[in-house]
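Every number in this text was worked out from the coordinates using simple rules, so none of it is lab data. Model, not experiment: these values are computed from the prediction. As a convention, Cβ positions derive from the backbone with ideal geometry for all residues, glycine included, and neighbour counts pool all protein chains shown.
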């Protein structure tokens, strides 16, 4: 694992890394591990900052894995934060 430098926003604590796995073929992955406190500030700021981090990750050419606690119920399709999160991730990683 090698760390990837990204901005340090105020609403999340991102830890980004590039992993190289050698099983049968050398594979590279970008990973974002993050934690968002429930009281981390307005959702608008959170989504802006998360979008900026995802955009920075997009400058590296490798598949992405995003994991962590975003404190968003992504299983609720009627929740505006869930919809915004899905759209942001799809656009950023496309």
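Numbers below:
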read-out: Ascending count of other beta-carbon atoms within 10 Å, so fewest first, for 16, 87; value: 87, 16
read-out: FRET efficiency estimate (nearest 0.05) - Cβ-Cβ, residue 52 to residue 18, R0 25 angstrom; value: 0.85
read-out: Label-point gap, in nm, between residue 2 and residue 43 - each point 7 angstrom along Cα→Cβ; value: 3.8 nm
